[in-house]
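These notes concern the structure reproduced below.
Nothing in this text is a laboratory measurement; each read-out follows from the coordinates by a stated rule. Treat the numbers as computed from the prediction; the structure is a model and nothing was measured. In this analysis, Cβ positions are derived from the backbone assuming ideal geometry, glycine residues included, and neighbour counts consider all displayed protein chains.
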């Protein structure tokens, strides 16, 4: 690969570009007008503005992105996650234009992108799935009937989507029509397709997923599980690996099913096979995420593999050098997603200006971030700001390391999830590993940041008084400002030249 | 020098006096000495007699955001804050303009002028950042005016509906 265009923004664009730089491959960034000067634009070797902020006119504009790739001589495109990552039409257009799409082939992606078709295929291959509809629909009346026949509660999902968008659980018959139409609207606006389907809702499940890597020569390995049970609005916010719920036998069984799923779908490149694990230990195939996942860094930490570099190598036709029997999990890793959301107010997104950021650093801490002091969080994009990832020898130590890192993470100007997540890390039920997808509603429904009776408030007030130096007696640290600096004088001067 | 701040709903008073490079501060019933050092435009090092703190602070639109030991504070001058208008028992005591909590597009307005709404009843559905968000009534009230319709774009704080007390 000579040059890679990264068709994304924020932390993931930056993550991909860092891998490219280390591999010696130049990168092309694309950006919307509101992202001018953002971190991925600064980092790339070249950057091209592709349109105004609304995604349809920029990050989802297939024609414009392909045109940019050709213009700048990019022979490969990395889509990151979200936007065009799981758009099979985009993958097909790339191959038509002889541009390598760094991800699965468009046929496998189309099959897996259609949740109903992929369910049917997996049932045929003997993969366990959740009982539910075998065909999607968009007629409210017939969907209502399906739901009552199946028995409530049911889960409504967008046939063309993922990531929790357009997903709703319906427990009561009177809510059926409203919830179904809301789900269809969300599906339409998020994925351009309002087809939805229903499946039985499983109470208190764990969300377990397996990372797989598949090369173009028929070799497939799994890189073990990630548990992503801590969710709000059916979207993950904390992920960890290994999962406390898997015995070595169950891990091996689920891992081999994950590989079978990938093989059945004719899948190549990096992907994630998602399962629900119920309280009795039964597991059900949910779907395949045909992309690099938001939470991929925890697998990298525990297995010791760079997944983005693997993606690039696989896409350029290399054989997998990893052998299943040589892969091991070492230690424990946790990721917390830092969102521009208000955890006190039902995780409502908070757009606005970030005035100041100070990110935690230290042994075993990785912060994949797309924000900086002074950036604007736009209403047009997903509210993810950054991902804090820690690794430590044991789960207990990893929880402590994460809580401590979160409590050093300062983001001023907007509401974020940092304090909330620190409290999750210290909650007894989390520490005991009693996690399920309803964990947040069960334990954190009325969460408020703890106020404490410590000295923090008075110290904060002192800082407020000192800010802007309106108060007397604030000392400035560091070297005194040079009054006669040559940089500040209007006269001509030269550096080190002969005079 | 005296300062009056609002932290959440609570008024806090702080007075400070500089002496020999150290602040003598009075907060509530306590008096204490503090050394306040500006490390950078948004970074302070504050030392009291028994502890020292690394503090981040920034100001925007009359609000001061401060981070101390894992706690984020939003500190306002009292006049800048709008009083909450909800009485006890979940009924609205005075007229209230419900503003958009975020910029976005109106999906649905399930209430009409003259409707009486209950606590937590959905007034407006706003789509923002690809999610639908329900804007609910804080208390029982009557809808005095509806300012938006489906499809409208709204900015942060744009008036959505006006509510008035029921009786």
* Take the Cα atoms of the range A:88-214, find their three principal axes, and give me the spread along each one in whole Å, biggest first. => 52, 31, 23
* Asked: Between residue A:169 and residue A:23, what FRET efficiency follows from the Cβ-Cβ distance if R0 is 35 Å, with the result rounded to 0.05?
  -> 0.20
* Simple label model, 7 Å out from Cα along Cβ direction - residue B:120 to residue B:49, nm -> 4.9 nm
* Asked: Counting only other chains, what is the mean number of Cβ atoms within 10 angstrom of the Cβ of each residue in peptide A:415-428?
  -> 1
* At residue A:278 and residue A:89, where each label point lies 7 Å from the Cα along Cα→Cβ, what is the point-to-point distance in nanometres? -> 3.8 nm
* **Spin-label pair residue A:445/residue A:327, simplified geometry with 7 Å Cα→Cβ offset, distance in nm** => 4.0 nm
* **Most to least packed among A:443-450, A:340-347, A:280-287 [average Cβ atoms within 10 Å]** => A:340-347, A:280-287, A:443-450
* Which value in Å does the Kirkwood hydrodynamic radius of the range A:200-316 take, with 1/r averaged over all unlike C-alpha pairs and then inverted? -> 14.4 Å
* Structure fact -> Over all directions, the range A:56-104 yields a Cα convex hull whose mean projected area in nm² is 3.0 nm²
* To do: Between the alpha-carbon centers of the range B:89-167 and the range A:1-64, tell me the distance in whole angstrom.
  => 38 Å
* **Rounded FRET efficiency, nearest 0.05, which uses the C-beta distance separating residue B:145 from residue A:346 and R0 of 25 Å** => 0.50
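How big is D for the range A:150-211, in µm² s⁻¹ as a whole number, if Stokes-Einstein is applied with the Kirkwood radius of its Cα pairs at 4 °C and 1.567 mPa s? Walk me through the numbers before you get to the answer.
Working: Rh = 12.1 Å.
Answer, rounded: 107 µm²/s.
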* **Sum of -39500 (n - 2.57) over DSSP H runs of 4+, divided by residues of the protein assembly as shown (222 nm, nearest 500)** => -7000 deg cm²/dmol
* **Surface/4 estimate of mean projected area, convex hull on alpha-carbon atoms of the range B:2-79, nm²** => 5.7 nm²
* Structure fact -> Averaged over the residues of A:352-361, the number of partner chain Cβ atoms within 10 Å of each residue's own Cβ comes to 4
* Asked: How far is helix A:395-406 tilted off the main Cα axis of chain A, in degrees rounded to 10, range 0 to 90?
  -> 40 degrees
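Once you sort the root eigenvalues of the Cα gyration tensor of the range A:217-271 as a ≥ b ≥ c, which label holds: rounded (a/c under 1.5), prolate (a/b larger than b/c) or oblate (the other case)?
oblate
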* Be a star and scan the range A:193-217 for residues whose amide nitrogen sits under 12 Å from the point 7 Å along the Cα-to-Cβ vector of residue A:139. => none
* **Helix A:176-191 axis, angle to chain A major axis (alpha carbon atoms, nearest 10°)** => 60 degrees
* Asked: In degrees between 0 and 90, to the nearest 10, how far off the longest principal axis of chain A does helix A:456-466 point, with axes built from Cα atoms?
  -> 40 degrees
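Return the average number of partner chain Cβ atoms within 10 angstrom of each residue Cβ along peptide B:141-154.
For this peptide, the per-residue mean of nearby foreign Cβ atoms is 0.
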* Structure fact -> DSSP beta bridges in the range B:87-164: the antiparallel percent, rounded to 5, is 95 percent
* So how much slack lies between residue A:353 and residue A:249, counting 0.36 nm per residue of separation and subtracting their Cα-Cα distance, in nm? -> 32.6 nm
* Asked: With r defined as the distance between the Cβ atoms of residue B:61 and residue A:234 and R0 fixed at 30 Å, what FRET efficiency is calculated, to the nearest 0.05?
  -> 0.35
* So what is the orientation-averaged projected area of chain B, using the convex hull of its C-alpha atoms, in nm²? -> 12.9 nm²
* Tail weight of P(r) past 37 Å, computed on alpha-carbon pairs of the protein assembly as shown, percent -> 43 percent
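Remind me, what semi-axes does the range A:4-102 give for its equivalent ellipsoid, largest first in whole Å, using sqrt of 5 times each Cα gyration tensor eigenvalue?
Each semi-axis is √(5λ); the values are 17, 16, 12 Å.
How would you order A:127-133, A:97-103 from highest to lowest mean count of nearby Cβ atoms within 10 Å?
Numbers: A:127-133: 17.0, A:97-103: 20.6.
Highest-to-lowest ranking by the protection proxy: A:97-103, A:127-133.
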